[in-house]
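The values are calculated or read from the model by the stated rules, or taken from the named source; none is laboratory data. Quick caveat: nothing in here was measured; it's all calculated off a predicted structure. Cβ placement follows ideal geometry from the backbone for every residue including glycine, while neighbour counts extend to all protein chains displayed. We work out accessible area using only protein heavy atoms, side chains counted, and drop any ligands, DNA or RNA first. Shrake-Rupley method; radii C 1.70, N 1.55, O 1.52, S 1.80 Å.
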Amino acid sequence: MDLAEKVLQGDRRAVARLITEVENSGKLAGDILKALHGRTGHAHIIGVTGPPGAGKSTLIDRLAKSYRLLNKKIGIIAIDPSSPFTGGAILGDRIRMSDLNTDPGVYIRSMGTRGHLGGLSRATADVVKILDAFGMDKIIIETVGAGQSEVEIASMAHTTILVEMPGLGDDIQTIKAGIMEIGDIFVVNKADRQGADRTELELRAMLELQSEPGLWVPPILRTVASSNEGITSLRDSIEIHYSHLTSSGNLDKHNYIRTKQEFLSIMREELIGLVIQSELSESQLDGIIMSILKRESDPHTEVSRIIQRFSANR
Amino acid sequence: MSERKIRVLIAKPGLDGHDRGAKIVARALRDAGMEVIYTGLHQTPEQIVETAIQEDVDFIGLSCLSGAHMTLFPKITALLREKGAEDILVTGGGIIPEEDIPLLKKSGIAEIFGPGTPLDDIIDFHRKHIRK
């Protein structure tokens, strides 16, 4: 029995192996993903983003438990940054999710960004597919601690939750472009701390400026994840958002855009691989880079030369 | 581009709350380019084994300073065998008396890194014993 078959039959070890294979861009990955594609498209993908220390991991732990009460199966993808120097990483999001480790209805995987910017890792989309095919009802993605422009999660997730906490910056932060625009639901976590009123007020002021009639108006919720406060209303809001997406036709639109992006990015990767494999040995590449460095040539000229040679050889 | 990344689970089984050593090893392996998943304190053997399987790690590094290593470590290797995951290599560290080491190795622990082990030795061990 092959890996894809085992995943569909619920073998957790096979899921783990397959995720490793796609993370390492292994040889088997493409074929297995082909086999799984037809079984995907059922999961509701939930993104959780926000600054480091806002309580994303704890919130996800409580949210997952809340969904387990409804018998939903939960996949969690927790992303932490890889070192830009050594490629190593400390993946520590699970520390807050220990109780879920032995729940057979939960599968958690930690991933390093491995050089990918934007708050996710390159393989995140494929891991979502694997967990979807594995039968998870909700797939929760925790981004790296996000600053201002890690907005990739918005195109990956159906529902994006932006987690804030009291005491980070003034109201100018809320009118900046970027991450403040991608939340479908805003959460002020650690709401028992001083300054929660002000944080909520500033978020409300920002949202009033951007609301348009007929569009989804992001709710602002207060939670204290560590003591499980506000988690049920968060779960309810997520479900309301999902039905809004479905009834407004926006879910189909979202899935179309995501599929198109995926198709184009696979195409890009495969094409580059093909061109490099047939036209560019390591030593040729080295020669080209040296000539560009010495200003004897330039990158644009070299790329068009290679592409011309590649098309001529077809 | 295909790159094999070494993944290690650093785990604290049992009841002791001393994890400075575990964190130092985690940091050293990180600086050696590995992906290190840290479980946090007070984990049961079941939690550790299930985490190792979900994370598809090559190694589990156990840290125990409570004296319960003769119970906890073999329980973990037995659970791994039960789940068909005995290819995950298990090492241990902490306050472990010399005379316990042969017994632990017999129970399936690959290596014991006692206090004072140079971090480079630990890194080298992981590089040499990576799963095929």
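For segment A:172-188, the condition holds for no residue, the condition being that it is under 26 Å from A:N71 (Cβ atoms), aliphatic (A, V, I, L, M) and open to solvent by 10 Å² or more (accessible area, probe 1.4 Å).
You will find that of A:I95, A:I77, the residue that is without any contact (Cβ under 8 Å) to a residue 60 or more places away in the chain, within 14 Å of another protein chain (Cβ to nearest Cβ) and among the hydrophobic types (A, V, I, L, M, F, W, C) is A:I95 and no other. The single condition among (1) assigned to a loop (DSSP other than H, G, I, E, B); (2) in contact with a strand residue (DSSP E or B) (Cβ under 9 Å, 6 or more places away or on another chain); (3) over 15 Å from A:V15 (Cβ atoms) that A:Y67 does not satisfy is (1).
Note on segment B:109-128: among residues that are of a type in the set (G, A, S) and at pLDDT below 95, the one that is farthest from B:L62 (Cα to Cα) is B:G116. The residues of segment A:15-57 that are open to solvent by less than 10 Å² (accessible area, probe 1.4 Å) and part of a loop (DSSP other than H, G, I, E, B), listed by number, are A:A43, A:G50, A:A54. Scanning for something modelled with pLDDT of 95 or more and among the acidic types (D, E), does segment A:19-42 turn up at least one residue? No, every residue in segment A:19-42 fails to be modelled with pLDDT of 95 or more and among the acidic types (D, E). Give the residues of segment A:100-114 that are open to solvent by 10 Å² or more (accessible area, probe 1.4 Å) and either among the acidic types (D, E) or not in a loop (DSSP other than H, G, I, E, B) (or both), sorted by residue number. Correct list: A:D103 only.
Scanning segment A:80-92 for residues that are at the interface with chain B (Cβ under 10 Å from one of its Cβ atoms) and either without any contact (Cβ under 8 Å) to a residue 40 or more places away in the chain or in contact with a Phe, Trp or Tyr (Cβ under 7 Å, 6 or more places away or on another chain) (or both) returns A:S82, A:S83, A:F85, A:T86, A:G87, A:G88, A:A89, A:I90, A:L91, A:G92. Among the residues examined, A:D61 qualifies as more than 13 Å from A:F134 (Cα to Cα), among the acidic types (D, E), outside any strand (DSSP E or B) and in the same structural domain as A:G183 (by TED's automatic domain parsing). The set of residues in segment A:1-21 that are under 21 Å from the mean Cα position of the chain (by Cα) and touching a residue at least 24 places away in the same chain (Cβ under 8 Å) comprises A:V15, A:A16, A:L18, A:I19. Every residue in segment A:295-314 that is part of a loop (DSSP other than H, G, I, E, B) and not polar (S, T, N, Q), please. Hits for segment A:295-314 are A:R295, A:E296, A:D298, A:R314. A:V275 meets the conditions (1) open to solvent by 80 Å² or more (accessible area, probe 1.4 Å); (2) within 30 Å of A:A125 (Cβ to Cβ) in every case but one. The failed one is (1). What about A:D192, is it in a helix (DSSP H, G or I) and outside the structural domain of A:S25 (by TED's automatic domain parsing)? No. Does segment A:64-72 include one or more residues that are away from every other protein chain (no Cβ under 14 Å), open to solvent by less than 20 Å² (accessible area, probe 1.4 Å), modelled with pLDDT of 95 or more and farther than 23 Å from A:V151 by Cβ? Scanning segment A:64-72 turns up at least one residue that is away from every other protein chain (no Cβ under 14 Å), open to solvent by less than 20 Å² (accessible area, probe 1.4 Å), modelled with pLDDT of 95 or more and farther than 23 Å from A:V151 by Cβ. Where strands (runs of 3 or more DSSP E) fall wholly inside segment B:31-111, the ranges with 3 or more residues that are open to solvent by less than 10 Å² (accessible area, probe 1.4 Å) and more than 11 Å from chain A (Cβ to nearest Cβ) are B:59-64, B:89-94.
Residues of segment B:1-30 that are surrounded by fewer than 19 Cβ atoms within 10 Å (Cβ to Cβ) and of a type in the set (A, V, I, L, M, F, W, C): B:M1, B:L15, B:I24, B:A28. Taking the numbered list (1) out of contact with any helix residue (DSSP H, G or I) (no Cβ under 7 Å at 6 or more places or on another chain); (2) in contact (Cβ under 8 Å) with a residue 12 or more places away in the chain; (3) not in a helix (DSSP H, G or I) in turn, A:A177 passes all entries but (2). Considering segment A:224-294, the qualifying helices (runs of 4 or more DSSP H), each wholly inside and each with 1 or more residues that are without any contact (Cβ under 8 Å) to a residue 40 or more places away in the chain and under 30 Å from A:I185 (Cβ atoms), run over A:231-248, A:250-279. In segment A:170-217, of all residues being in contact with a Pro (Cβ under 7 Å, 6 or more places away or on another chain) and on the phi > 0 side of the Ramachandran plot, the one that is modelled with the lowest pLDDT corresponds to A:G195.
Across segment A:280-304, the qualifying residues are those that are among the acidic types (D, E) and over 34 Å from the mean Cα position of the chain (by Cα), and the one among them that is most open to solvent (accessible area, probe 1.4 Å) is A:E296.
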